[in-house]
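See structure below.
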Amino acid sequence: MRLYLSSYKFGNHPEELTRLARGSKKAAVIMNAVDFGDEERKRQSAKDQIQQLNKLGFEPTELDLRNYFGKPAALKKYLQGIGLVWIHGGNAFVLQRAFAQSGFGKIIQEIVLGDKIVYAGFSAAVCMVTPTLHGAELVDDPAVIPEGYKKDFSWDGLGLINYNVAVHYQSNHPESADVEKEAEYYRQNNILYKTLRDGEVIVVDGNKETVFQ
């Protein structure tokens, strides 16, 4: 299993992302966590992510999970040619719905555990691999439902790691104050968690986990 979990964007150690890929070049950029709000800002963010991945030696293309809603077999076939998924942050509950409606969640869980792909991303992307989304509602609004999305969602994460992560912790980020409340929620409810400040990255490579500051 290979994970690159950043608090904000690529963090301070993008070279670790290249190392984890082990020579794989094909990358898919998923922007569905920001399928609401300013479309122009989303397009610019996608362009920025793709440019950064190009600089790191990848060959990225955008993967819009909305094109695969109800088509998990087609999505699984597409992902067979991909060595890295890079998932942009945004609203964790929008992203969870996109994972569920496209089947991406179950597919990526299987192929990550089979060590056939690198799962990477920041913010909401990190929330997806934890055991539960409970606590994330103190930062992200579960009632944000973009066009084409179902109202229902699951509180279950993919469980690729056995703890939750409070991203943007004590950082110069507009959500940092709410993240303090999230961390307090984890403490009060005896939920195992770690904090990540912007710039910091959790890297999982097989049985080895490292937090880079």
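The values are calculated or read from the model by the stated rules, or taken from the named source; none is laboratory data. Only a predicted model underlies this, so the values are computations on that prediction, with no experimental measurement involved. Every residue, glycine among them, receives a Cβ derived from its backbone with ideal geometry; neighbour counts consider all protein chains shown. Side chains included, ligands, DNA and RNA excluded: accessible areas come from the protein's heavy atoms. Shrake-Rupley method; radii C 1.70, N 1.55, O 1.52, S 1.80 Å.
Please report, in debye to the nearest 20, how large the charge dipole of the range 100-199 is about its Cα centre when each Lys and Arg carries +1 at its beta carbon and each Asp and Glu carries -1 there. In debye, rounded to 20, the range 100-199 gives about 300.
Compactness check for the range 54-213: Cα Rg over 2.2 N^0.38 Å is 1.03.
Could you tell me which of Q170, Q44, N54 has its Cα farthest along the dipole of the chain towards the positive end, charges placed at Cβ (Lys, Arg +1; Asp, Glu -1), taken about the Cα centre? With unit charges placed on the Cβ atoms, the residue in question is N54. Within the listed set V126, V94, V144, the residue fluctuating most in the Gaussian network model of the chain (springs between alpha-carbon atoms under 10 angstrom) is V144. Surface composition of the chain: carbon plus sulfur atoms contribute 48% of the solvent-accessible area (1.4 Å probe, protein chains only, all chains present).
Shown here: the range 26-90, whose C-alpha atoms stretch 31, 30, 14 Å along the first, second and third principal axes, sorted largest to smallest. Ordered from longest to shortest, the equivalent ellipsoid semi-axes for the range 1-135 are 19, 18, 15 Å, each the square root of 5 times a Cα gyration tensor eigenvalue.
If you look at the Cα atoms of the range 134-213, you get an Rg and a Dmax of 14.2, 40 Å. Dipole magnitude for the chain: computed about the Cα centre from +1 point charges on Lys and Arg Cβ and -1 point charges on Asp and Glu Cβ, it is near 860 debye. What the chain shows is 46 Å² of accessible area per residue, with the surface traced by a 1.4 Å probe over protein heavy atoms. Set Lys and Arg Cβ to +1 and Asp and Glu Cβ to -1, take the dipole of the chain about its Cα centre, and tell me which of Q188, L95, I107 lies farthest positive. Sorting the options by dipole projection puts first I107. Based on DSSP, what percent of beta bridges with both residues in the chain are antiparallel, to the nearest 5? Restricted to the chain, the bridges split so that about 35 percent are antiparallel.
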